[in-house]
Amino acid sequence: MPLLQVEHMTHFFGGLRAVHDYNLSIEQGQIRGLIGPNGAGKSTIFNLITGVYRPSEGKVTFRGESIVGLPSHEIAALGMGRTFQNLRLWRHMSVLDHVKMSQYSQIDYGLIGAFFGTKRRNQQEKENTEKALQLLDLVGIRHLADSMVTNLPYGVQRRVEMARALAINPKLLLLDEPTAGMNPDELMDLMQVIRQVHNTFGLSIFLIEHRMKFVMELCERIQTLVFGEVIAEGTPKEIQNNPKVIEAYLGKEVET
Amino acid sequence: MEATSSVPTKRNAFNAWLSKQWMPYRQVSLLGWLLGSLVAVLLETFIGTSLAWALGMSDVPALFGFVVMLKQPELLPSIILYLLLIYFIPIAIVVRLTKSIANKIAGLLFRYPLWITALFHIVLLYAVIDVWAVMNDYRVLLAKLMMIAIITTLSLNVVNGYMGEFSCSHPGFLAVGAYTASIIMVLFFVNDKVMGPALLPPALGPFFFPIVLILGGVVAAFSALIVAIPSFHTRGDYLAIISLAFMFIIKSLIENLQVFGGARGFMGQPNLASLPVVFVWTIIAIWTINNFVRSTLGKAMNAVRDDETAADAMTVNTRNTKMTAFLFAAFWAGIAGGLFAHVMRYVNPGSFGIKKLAEVLAMVYFGGLNSVVGSIVGAIGFNFLSEMLRPLEILKWVIIPVLLILVMIFRPTGLIAFKDFDPEELLRPKNQTEEEV
């Protein structure tokens, strides 16, 4: 049984058809990629899977459970972590608090614990802090745990987002253009981090990306999306040589 | 930066001198400051009145001279002399003399669980406030009202600061709490002309008072549901509008309920909100609210404020978070209302109107958003200011908004904003940290 299965998903924004008959099936431990020109609907697909929007048609099954119509936080708690294209970090919170926050669904001390500072609450907060620090170690920013995120360089902020997504114990990680705005050095570092978390946790990863080099190196299979429709799917090599993909990215050759 | 600091100007020299003078006081623990203050207030109790006469004042300056500052400015030099002799100099001397011993005691206490240290400090703090306040009735009343203001401000800060929504319904919750507590107390424990004889022996009143206050808080929290359910479907300005409407509805509801006195007000509350009672409630409020905002469940409010989509994607139940925070804030506002009614022993709907709202909002934004210390400072500071400007009558309501605007321009989030309040840090002995550095 695939970890995530999307069947015939279609979505309309008013009269605009943003996604048409989209299918996807990700197995445990796979790394998959989604590429396509700007405005093709890649981020929309992420938002449909994670429950930000509810698909107009189609089925989405995650770990054997239908998740269409579930609120975002419940889908996330099932084990679906994500990052955002335009870094959605919490301005006034420290790095450590970011990573602790993602463990929200694992907290069971309840409001009584929160109001009166019970032993159990202190215990659990301590454990969560431990776990958060370990994750920060993994992405290499433990020394910045107490800094405010707004003061940090862009590459570090990306790592915070990664650690934050990992703290929900995900089975599947959705990365929305993780390399946007990064320089080549940061890019190599990030590739390292992604490989590492993939190996450590045995995660499945589904990523949207523009940089071909990055996608080609990481992904087992790639889909190409144009105007909400998948025009090609296959291994990096197949995609690279697919005339339709080349056309979508570079334009058609003028016939002479 | 570099250029200005390398050239020694007069101002820099003064600043350096000042920080050098302040150096020894950095190592004073909270315990030391409390001991110093205790000595000062005791000194005032014994020689304050005679000193005031000697300096040509009719009585001790009730609020560190704030009250008479504008009424009789010619007394200003004697007030300053009085403050120096009674407060500043004795505190400075005691604090320096007891510095090492106070740090030792604090260090000793620090080995025990935190609550023992905290309790010790709280008792000492109460002693200071009590000795200070019993000098005259004005101080007692003001101390009580300030503490109630602290509870109100903190509870509003939970919604407006920590959660980043704009709620205007706090006077409404205060009114609900005030009337609920008053009615139950008068009905059960007071032989009243209007409400009839007491249903239970009045002697039981003090024991049931906390329960009745909590009941008032719970009713206020339930009334908050009326605002919360429609407005938390979405974010934006809805809450501000609905909560403002709620405040006016509650006010006109009470004005038209003739059973409870209507616009004339409701009186006869038993005299149960003494200084220690209000003090204990204030401590409990600060404690629970601070606990809440520092837990992950409470910090979820910040996540919702800063980016709700991201919070949702990170498993935070945003709707629950918003509801909890709002009802919790309303609960404490209800308690504050109940206390207020029993301090004044009279409530009328007029005191829960737009003016009250302006006051509470001013305290929150003046003190600082997202900060427990900020709210305490805001509540106390605003009350001081308000007492000081009282002689100006209506002009007071020109000056306070102007000050508020200035705060908004120069410190848009308030004086002490976005600070975590860590009691452990506050109570810790200060000598070790200095040595480590």
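The single residue among A:Met182, A:Met162 that is closer than 24 Å to A:Met212 by Cα and in a loop (DSSP other than H, G, I, E, B) turns out to be A:Met182. If the condition is being within 29 Å of the chain's Cα centre (by Cα), crowded, with 24+ Cβ neighbours inside 10 Å and at the interface with chain A (Cβ under 7 Å from one of its Cβ atoms), then segment B:303-333 contributes only B:Ala303. All of B:Ala149, B:Ala102, B:Ala178 fail the test of being in contact with a His (Cβ under 9 Å, 6 or more places away or on another chain), crowded, with 24+ Cβ neighbours inside 10 Å and hydrophobic (A, V, I, L, M, F, W, C), apart from B:Ala178. Of the residues in segment B:231-254, how many are part of a helix (DSSP H, G or I) and surrounded by fewer than 17 Cβ atoms within 10 Å (Cβ to Cβ)? The number of residues fulfilling the criteria is 8.
Can you give me the number of residues within segment A:219-244 that are hydrophobic (A, V, I, L, M, F, W, C) and buried (at least 21 other Cβ atoms within 10 Å of the Cβ)? Matching residues across segment A:219-244 total 4.
How many residues does segment A:79-118 hold that are within 19 Å of A:Asn151 (Cβ to Cβ), more than 8 Å from chain B (Cβ to nearest Cβ) and not in a loop (DSSP other than H, G, I, E, B)? Qualifying residue count, segment A:79-118: 5.
Select from segment A:119-151 the residues that are assigned to a loop (DSSP other than H, G, I, E, B) and modelled with pLDDT of 90 or more and list them in ascending order. Listed by number, the residues that qualify are A:Ile141, A:Ala145, A:Asp146, A:Ser147. Scan segment B:33-58 residue by residue and report those that are small (Gly, Ala, Ser), buried (at least 18 other Cβ atoms within 10 Å of the Cβ) and modelled with pLDDT under 90. Matches in segment B:33-58: B:Gly48, B:Ala52.
Scanning segment A:19-40 for residues that are in contact with a Gly (Cβ under 9 Å, 6 or more places away or on another chain), modelled with pLDDT of 90 or more and buried (at least 19 other Cβ atoms within 10 Å of the Cβ), which turns out nearest to A:Ala232 (Cα to Cα)? My answer is A:Tyr22.
Checked against (1) part of a helix (DSSP H, G or I); (2) free of Cβ contacts under 8 Å to residues at least 40 places away in the same chain, B:Pro412 passes all but a single condition, namely (1). Quick check, is A:Arg121 at the interface with another protein chain (Cβ under 10 Å from one of its Cβ atoms), closer than 23 Å to B:Thr324 by Cα and without any contact (Cβ under 8 Å) to a residue 24 or more places away in the chain? So A:Arg121 fits the description; yes.
For segment A:45-78, the tally of residues that are assigned to a loop (DSSP other than H, G, I, E, B), of a type in the set (A, V, I, L, M) and at the interface with chain B (Cβ under 8 Å from one of its Cβ atoms) stands at 1. Taking (1) at pLDDT 95 or above; (2) surrounded by 18 or more Cβ atoms within 10 Å (Cβ to Cβ); (3) away from chain A (no Cβ under 14 Å) in turn, B:Val280 satisfies each apart from (2).
When segment B:196-230 is filtered for residues that are surrounded by 18 or more Cβ atoms within 10 Å (Cβ to Cβ) and over 24 Å from B:Ile284 (Cβ atoms), the ones remaining, listed by number, are B:Ala198, B:Val227. Comparison of A:Ile107, A:Ile75 shows that the only residue that is without any contact (Cβ under 8 Å) to a residue 40 or more places away in the chain and within 17 Å of the chain's Cα centre (by Cα) is A:Ile75.
Of the candidates B:Leu108, B:Leu142, B:Leu200, the single residue that is farther than 30 Å from B:Ala417 by Cβ and in a helix (DSSP H, G or I) is B:Leu108.
Selection of segment B:290-302 for residues being at the interface with chain A (Cβ under 7 Å from one of its Cβ atoms) and within 19 Å of the chain's Cα centre (by Cα) yields B:Asn291, B:Phe292.
All conditions in (1) surrounded by 13 or more Cβ atoms within 10 Å (Cβ to Cβ); (2) part of a helix (DSSP H, G or I) hold for B:Arg11, with the sole exception of (1). Cβ separations smaller than 6 Å between residues 6+ apart or across chains give the following pairs from segment B:60-89 residues that are over 16 Å from B:Arg139 (Cα atoms) to residues that are of a type in the set (D, E, K, R): B:Ile86/B:Glu44. Scanning segment B:150-178 for residues that are within 23 Å of B:Ile254 (Cα to Cα) and either in contact with a strand residue (DSSP E or B) (Cβ under 6 Å, 6 or more places away or on another chain) or not in a helix (DSSP H, G or I) (or both) yields B:Ser167, B:Cys168, B:Ser169, B:Ala178.
The values are calculated or read from the model by the stated rules, or taken from the named source; none is laboratory data. Please read these numbers as outputs of a predicted model, since none were measured by experiment. All Cβ positions, even for glycine, are placed from backbone atoms using ideal geometry, and neighbour counts span all protein chains on display.
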